[in-house]
Amino acid sequence: MLNEVKRPSMLAKLLTICMICIFSSTGFAQTQKKKKGNDRKGKSKAAGAAVGGNTATPVDLISAAEGFQVELLYSVPSQEQGSWVNLCTDDQGRLLVSDQFGGLYRITPPPAGKPVTAGSVEKVPADIRAVNGMIWSNGALYVGVNDYERKIPSGLYRISDSNGDDQLDKVETLREVSSKSDHGVHALVPTPDGEGFYMITGNNTLPPDLAGSSQVAQIWGEDHLLPSMPDGRGHNRGVLAPGGIVYRVTEDGKKFEAYASGFRNIFDAAVNRDGELFTYDADMEYDFNTPWYRPTRICHVVSGGEFGWRNGAGKRMPFYADNLPPTLDIGPGSPTGVTFGYGAKFPSKYQNALYALDWSWGKLYAVHLEEDGSSYKATKEEFVTGAPLPITDAIIHPGDGAMYFTIGGRRVQSGLYRVTYVGKESTAPATDVATDNPLRNLRHELEKYHGNSNPAGVEAAWKHLGHEDRFVRFAARTVLEHQPLERWLEKALAEKDSAKQVVALLALSRAAGVCPQHRKGDSPAVDVELRDRMLAAMLRIDASKLSEEQRQTLVRGVQIILNRFGMPETEMVEQLRAGLEPLFPASTAETNWLLCETLAFLQSPVTAEVAMDLISQAPAQEEQMQYARSIRMLKAGWTPELRAAYFEWFLKAANYRGGASFAKFIQFIRDDAVASLTDQEKESMADLLARKPKVKSALENLGEVFVGRTPTEWSLEDLSNAAKTGLVKRDFTNGKKMFAASGCYACHRFGNQGGMTGPDLTSAGRRYSPHDLLDQVVHPSKVINEQFSAVKVLTLDGVVHTGVVVNLNGDRMTLNTDLTDPNKRVAIDRKEIDLLEVSDVSAMPSGLLNPMTTEEVLDLVAYLLSGGEESHRYFTD
């Protein structure tokens, strides 16, 4: 586990708090007398706190970016005022806040350095509860209610002053929206045209009746070529597409349009100066270390967008052509509030930042966006962090230019905080104008046809189907999916430009077919003639002349045709095999993912041998697991040796680790594989099928390449000197192999693979020089990242626990005792702790490089610094 940031004392402070809470009934309140200052560059200031047990996280447990100050304005008395989850301002600049399971409160922000007093927190008289999103507009407060305790209907409400006495007392239900759990109705965000709101919803919200002008074509489906596996623990079984939706809603609530879909659980969103919408979507932590795990992520939400959430193992990865990629992967967490820094009295960099809040890890990220074609790319930094800091919402106050944020939710202790800039940089207002971007303008022109069957749409879209900009290409395809088929079906089948045709046929497969899981009694019969014409058109395309991305679009299109229209006759199946088999294996894992699934579905006899070879070569468990999943129902092309190798892999995979559903997913794959065996095969393999796996560590399981070697005691000086001249023309494939063999994937994520119990190393090249990177690995305990620092706990009954603190909840402290296995946890009652101390030894083992040769170390360093791109400066100079 590699270290990242030099903040060594935060965990020590947290543990001090833990110990004081153990021996004190007044908890956090007493610690404020003992703590002074803040050891990060930013400052924190305790402006006010409630007495005793109702005290929010003290500010000396909160870090801020350099030059910024955090004030605790108010600790919420939970029994009287609940746990706060939302913020906005009214037309007089007063703060309005909501209790997740209660009502609303109004607060006038105090002057700098002054607390909010209990008497200045007004209860709003409106009979409303469970507000999860709110916005002041046209003299009234509009709120999104998500009451999964079912005391009032969830949906859109308007709250106003009925008699001019400056009290919000009139509640009107504008539109009920059915939802369940906390994946329901959330934020309201003004649309750029001022004509209504975006309503942000999670994947347990049922779509209401949608207007025909919806930007999302209502042709969504599961589109799994092979049967998808539900979540191993039963989470959201039976919940199908479209997942979470961003709606466009008129202020009267009468018109609902689906603007974008395919989210898991989005809580908030924000619009930038260019009129573009951004949100922060949730991961599924049960999926850790599976090939379909998707970290929490910033998404650029465009008209008609599809972002690929599906239940269980069915989540679409970013390379799927029928969905859009994220702008930025953040990592594990629980996304809550989102806002831009516009109007803040901050340096311009932070005025222009998008702020994304993570409830579970206590982080407020500043996301810095940069135009990238018609969309954006981004980097992140930790702007405010704390432990614990269950942060729920943040706004920039239009009057004082400060940021206000709340902590709370799920009935935990709540508080109100203020962030101001006290540094030396200028806080003059940043330029407040949209940029002129021709590609974005082009995308907007195409988006005018979304939800609009204008005959001009086909011609407008057609010339851009093969556009090199993915978001423009997506917008063009979405235009077609809103047009009557008779306008463009024959054109798609006859198109001569392969780059355009693969996209047109993808659109046709979706628009003309119905996903089996969504088929209803009035659904049209499957058009087998059209199916065969589409497949024949796909086969006429010369795949060797396509780019890798275009080949992926072609294969994905074939998958959707086969899923929505069914298996063709034998002759067409043979033609499909003949067309796709020469492409397998491909040069990328992404294309192999699609080809392996498709050829296994077609029962291609070459699939087993190629897939098993790929499994043997794949360095990371995610890639191995994906191929194993793809061939679990394959019956053709097996030899006894290949069958044996396949089931030997399951014995190895039993030692792989991941999220809470990981072992169940491995079991599901193996169960299907066993069910695919003939009785004769089961009999001949009885001993192998009955064999139990041997328990091994991550290093034992993955480091077979080092068996028999004599380790070298590498010094930092030796390796650093070698890296000065030896990083040009390195073997990235071997570097990835070394990353896996050393067990790095068990804790660290790199690209789309790896664990989450250590820092994400994808962007290591932006943070480390070769020398510094090597220093971190050779001397893992030199500086330990506080988030992953280990602690030693001695309980009153004499038991010693060592691990990383991953959760604090009431009197319970949870440790992860094995970072290679996120499920190895122990919960300790803090009242039962006799001694607790921070370990000065990193959880990352020392000597990880010692089994490697010099060349292997350099390949590993090059791979890590590259971020997956061989054009990195270290390798081209």
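The values are calculated or read from the model by the stated rules, or taken from the named source; none is laboratory data. Since the model is a prediction, treat every value here as computed from it, not as a measurement. Don't worry about glycine lacking a Cβ; one is built from the backbone with ideal geometry, like all the others, and counts go over all protein chains shown. These accessible areas exclude ligands, DNA and RNA; they are computed on the full protein's heavy atoms, side chains included. Shrake-Rupley method; radii C 1.70, N 1.55, O 1.52, S 1.80 Å.
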| said: For region 672-719, give me each residue that is more than 16 Å from ASN850 (Cβ to Cβ) and among the small types (Gly, Ala, Ser). | reply: ALA673, ALA675, SER676, SER684, ALA686, ALA690, SER697, ALA698
| message | Please determine whether any residue of region 150-163 is open to solvent by 40 Å² or more (accessible area, probe 1.4 Å), under 32 Å from the mean Cα position of the chain (by Cα) and not charged (D, E, K, R). | response | yes
| said: Can you say whether PHE647 is in a helix (DSSP H, G or I), surrounded by 20 or more Cβ atoms within 10 Å (Cβ to Cβ) and among the hydrophobic types (A, V, I, L, M, F, W, C), as far as the supplied structure shows? | reply: no
| Do you know which residues across region 486-510 are part of a helix (DSSP H, G or I) and open to solvent by 50 Å² or more (accessible area, probe 1.4 Å)? | GLU486, ARG487, GLU490, LYS491, ALA494
| message | Exactly one of these conditions fails for TYR745: (1) out of contact with any Leu (no Cβ under 7 Å at 6 or more places or on another chain); (2) closer than 23 Å to GLN621 by Cβ; (3) surrounded by fewer than 23 Cβ atoms within 10 Å (Cβ to Cβ). Give me its number. | response | (3)
| task | Identify, from the list LEU773, LEU865, LEU848, the residue that is at pLDDT 75 or above, part of a helix (DSSP H, G or I) and within 19 Å of GLY743 (Cβ to Cβ). | result | LEU773
| message | Cβ-Cβ under 6 Å, sequence separation 6+ or interchain: first residue in region 425-445 and closer than 30 Å to GLN215 by Cα, partner of a type outside the set (Ser, Thr, Tyr) and open to solvent by less than 50 Å² (accessible area, probe 1.4 Å). Which pairs? | response | ALA434/ASP274; LEU439/GLY373; LEU439/ASP469; LEU442/VAL472; ARG443/PHE471; ARG443/VAL472; ARG443/ALA475
| request: Specify which of the listed residues (SER604, SER587) is small (Gly, Ala, Ser), outside any helix (DSSP H, G or I) and open to solvent by 30 Å² or more (accessible area, probe 1.4 Å). | output: SER587
| request: Filter region 511-542 down to residues that are open to solvent by less than 20 Å² (accessible area, probe 1.4 Å) and within 21 Å of TRP462 (Cα to Cα), then give me how many there are. | output: 7
| request: Please identify the pairs in which a residue from region 753-773 that is over 22 Å from ALA618 (Cα atoms) has its Cβ atom under 6 Å from the Cβ atom of a residue that is among the charged types (D, E, K, R) and part of a loop (DSSP other than H, G, I, E, B), counting only partners at least 6 apart or on another chain. | output: PRO759/GLU4
| query | All but one of (1) modelled with pLDDT under 85; (2) open to solvent by 40 Å² or more (accessible area, probe 1.4 Å); (3) assigned to a strand (DSSP E or B); (4) not acidic (Asp, Glu) hold for LYS782; which doesn't? | reply | (3)
| Any chance LEU364 is open to solvent by less than 40 Å² (accessible area, probe 1.4 Å), part of a strand (DSSP E or B) and either closer than 14 Å to ALA65 by Cβ or without any contact (Cβ under 8 Å) to a residue 12 or more places away in the chain (or both) | yes
| message | Criterion first (part of a loop (DSSP other than H, G, I, E, B) and either buried (at least 24 other Cβ atoms within 10 Å of the Cβ) or modelled with pLDDT of 95 or more (or both)) does ARG294 satisfy it? | response | yes
| query | Which of the residues belonging to region 753-784 are touching a Gly at 6+ places or on another chain (Cβ under 9 Å) and under 21 Å from VAL826 (Cα atoms)? | reply | GLY755, MET756
| message | Residues to consider are GLY726, GLY703, GLY754; find the one that is under 29 Å from the mean Cα position of the chain (by Cα) and either surrounded by 15 or more Cβ atoms within 10 Å (Cβ to Cβ) or among the basic types (Lys, Arg) (or both). | response | GLY754
